[in-house]
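Colleague: Encoded as structure tokens, here's the structure I'll be asking about.
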Amino acid sequence: MREEPTQEIVGQRRALEALRNGVPNGDAVRVLGCNQPEAERRFLQQLDAVARSPSEAHGLLVAGDFGTGKSHLFQYLENLALERNYVCSRIVISKETPLYDPEKVYRAAIEAAVVPGRHGQAIQEVSLRLDPPRQVYSDFYLWARSAESGIAPLFPATLHLHENLRNDPELVEKITSFWSGERILVSDVRKGLRELNEVANFPIRAVPIRELALQRPRFAARLMLGAGYRGWVWLIDEVELIGRYSVLQRGRSYAELARWLGRVKGQHYPGLTVVAAITDDFVTVILREKGDMDNIAPRLQSHRLYSERASWAETGMNVIERQALRLDPPDDETLQRTYARLKEVHATAYAWEPPDVPSPTQAASRRMRSFVRFWINAWDLKRLYPGEELGIEAHELQHTYSEADGLRDTPARESSETSP
């Protein structure tokens, strides 16, 4: 009878499989740790700043070449955040999640959100921990009803109903879905308020989608604080995709990046802190050679819907050009340490003694991913085909910033989120 592998061995194999495919998971991060001490230090400072003063924490932009470990770093930072009782969302910029669309970015953040110690949908899990007698909830409720919150009365109205009409599960579900990004009928909210004889206390109205897109993350981040979590962390990956957008889309994206990183006056989101990642050649190829530093602001200023975003976009470009934290390429000591650790893991995972293998011939790139994948594949071949002389052929993929037809501008929606 074949003996089943232990949990440790299964974890080691999962780590190797993730590293082999260049998609790090929790097991891979536990195996290798993090080789970016400055990024880790800055991130921990961010978390401390959120805990001390939720409305003043600035975000962080990291820059590195493809394969330098940005995704690995994000997995590591997510683990740190969860261990410290922060809700965490990893967002990948894509055609479905364009950075210039705050509504879609918020939906992606909600769908990807991981709540410490919970496995269900984020807002529903967070709402289960709302406890009106607690001071953190009381502070949240008072903030939601205050003018300084910057949110429409619809939000405190739904919060009030969530607290006082728990015997109406259908309405509670509609409310949590609304907090998650879905629509809700104003008539349903008013009906609930009438049951409580509270209509006069909540002068609600239908709210345009563009306004809700910016108010929802502000409300949700404070909701998490009100439920006893320390805050909400967004990890936004592949920001460089904006280089393939049209000029107007790029301008709007720079403005949104500045907003999420807390660099726009009056646009802070208490309890929310962001780390974003971008390729390190973006400054040269897009901001300078493509002319965005000179062309973006005038393009936005000439557009009636986005003229106010021009200064925000300039701020976002300045962050990319001057304030991004450059990730360290692996030095010889780091490579030797990583090699020894991977050899040890491979030995444990497959109960054998891996022989020494060379490093990839394209080592001049100093991309950690290239080294890690080469070593793991070399050991796999040695283990599966002992005695055979097999080689590994590697090719570097070239990234392109050419504009994509599928990412063209669409007219901004002005309709209301809620029905009157």
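Colleague: Quick one: which of Glu111, Glu4, Glu78 is acidic (Asp, Glu) and modelled with pLDDT under 95? First the steps, then the outcome.
Modeller: On the way: Glu111 fails: modelled with pLDDT under 95; Glu78 fails: modelled with pLDDT under 95.
Only one candidate qualifies: Glu4.
Colleague: Residues Ala213, Ala220: which one is outside any loop (DSSP other than H, G, I, E, B), within 27 Å of His162 (Cα to Cα) and in contact with an Asp or Glu (Cβ under 6 Å, 6 or more places away or on another chain)? Give the steps one after another, and end with the answer.
Modeller: On the way: Ala220 fails: in contact with an Asp or Glu (Cβ under 6 Å, 6 or more places away or on another chain).
Exactly one of Ala213, Ala220 is outside any loop (DSSP other than H, G, I, E, B), within 27 Å of His162 (Cα to Cα) and in contact with an Asp or Glu (Cβ under 6 Å, 6 or more places away or on another chain), namely Ala213.
Colleague: Pull out all pairs, ordered by first then second residue, where Cβ-Cβ is under 8 Å, the residues are six or more apart or on different chains, the first lies in segment 368-388 and is over 22 Å from Gly33 (Cα atoms) and assigned by TED's automatic domain parsing to the domain that holds Ala349, and the second is part of a helix (DSSP H, G or I) and among the hydrophobic types (A, V, I, L, M, F, W, C).
Modeller: From segment 368-388, the pairs are Glu388/Leu381.
Colleague: Check whether at least one residue in segment 239-255 is free of Cβ contacts under 8 Å to residues at least 12 places away in the same chain and among the small types (Gly, Ala, Ser), and report yes or no. Before the answer, list the steps.
Modeller: So the first thing to find is which residues in segment 239-255 are free of Cβ contacts under 8 Å to residues at least 12 places away in the same chain, and the list is none.
Checked against the condition, which is being free of Cβ contacts under 8 Å to residues at least 12 places away in the same chain and among the small types (Gly, Ala, Ser), segment 239-255 yields no hits at all.
Colleague: In segment 92-119, what count of residues is obtained for those that are more than 23 Å from Ala227 (Cα to Cα) and not in a helix (DSSP H, G or I)?
Modeller: 10
Colleague: Kindly state which helices (runs of 4 or more DSSP H) lie completely within segment 1-91 and contain at least 3 residues that are touching an Asp or Glu at 6+ places or on another chain (Cβ under 6 Å). I'd like the intermediate steps shown before the answer.
Modeller: On the way: elements: 7-20, 26-32, 37-52, 70-83.
Passing ranges, in order: 7-20.
Colleague: If a residue must be of a type in the set (A, V, I, L, M, F, W, C), surrounded by fewer than 18 Cβ atoms within 10 Å (Cβ to Cβ) and outside any loop (DSSP other than H, G, I, E, B), how many such residues does segment 329-358 contain?
Modeller: Of segment 329-358, the ones of a type in the set (A, V, I, L, M, F, W, C) are 335, 340, 342, 345, 347, 349, 351-352, 357.
Going one step further and asking which of them are surrounded by fewer than 18 Cβ atoms within 10 Å (Cβ to Cβ), we end up with 340, 347, 351-352, 357.
Right, trim to outside any loop (DSSP other than H, G, I, E, B) and you get 340, 347.
Going through segment 329-358 one residue at a time, the tally reaches 2.
Condition check ((1) more than 16 Å from the chain's Cα centre (by Cα); (2) of a type outside the set (Ser, Thr, Tyr); (3) over 20 Å from Val92 (Cα atoms); (4) not assigned by TED's automatic domain parsing to the domain that holds Ala108) across all residues:
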| site | (1), (2), (3), (4) |
| --- | --- |
| Trp260 | no, yes, no, no |
| Gly266 | yes, yes, yes, no |
| Gly271 | no, yes, yes, no |
| Ile296 | yes, yes, yes, no |
| Leu305 | yes, yes, yes, no |
| Gln323 | yes, yes, yes, no |
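Colleague: If you don't mind, another one. Could you tell me which residue of segment 87-97 is surrounded by the most Cβ atoms within 10 Å (Cβ to Cβ), considering only residues that are of a type outside the set (A, V, I, L, M, F, W, C) and under 13 Å from the mean Cα position of the chain (by Cα)? So that I can check it myself, show each step before the final result.
Modeller: Applying the first criterion (of a type outside the set (A, V, I, L, M, F, W, C)) to segment 87-97 yields 89-90, 94-97.
Keeping just the survivors that are under 13 Å from the mean Cα position of the chain (by Cα) gives 89-90, 94, 97.
Numbers: Ser89: 23, Arg90: 20, Ser94: 14, Thr97: 20.
Per the criteria, the residue is Ser89.
Colleague: Which of the residues spanning segment 287-325 are of a type in the set (Lys, Arg), more than 18 Å from Glu240 (Cα to Cα) and not in a helix (DSSP H, G or I)? Explain how you work it out, then say what you get.
Modeller: Here is the first cut: in segment 287-325, the ones of a type in the set (Lys, Arg) are 288, 290, 299, 304, 309, 322.
Then keep just the ones that are more than 18 Å from Glu240 (Cα to Cα); that gives 299, 304, 309.
Arg304, the sole residue that qualifies.
Colleague: Could you tell me which residue of segment 19-54 is nearest to Ala340 (Cα to Cα), considering only residues that are buried (at least 20 other Cβ atoms within 10 Å of the Cβ) and among the small types (Gly, Ala, Ser)?
Modeller: Checked segment 19-54; the qualifying residue nearest to Ala340 (Cα to Cα) is Ala28.
The values are calculated or read from the model by the stated rules, or taken from the named source; none is laboratory data. As the structure is a prediction and not an experimental result, all values here were calculated from the model. Methodologically, a virtual Cβ is constructed for each residue, glycine included, from the backbone with ideal geometry; neighbour enumeration extends over all protein chains shown.
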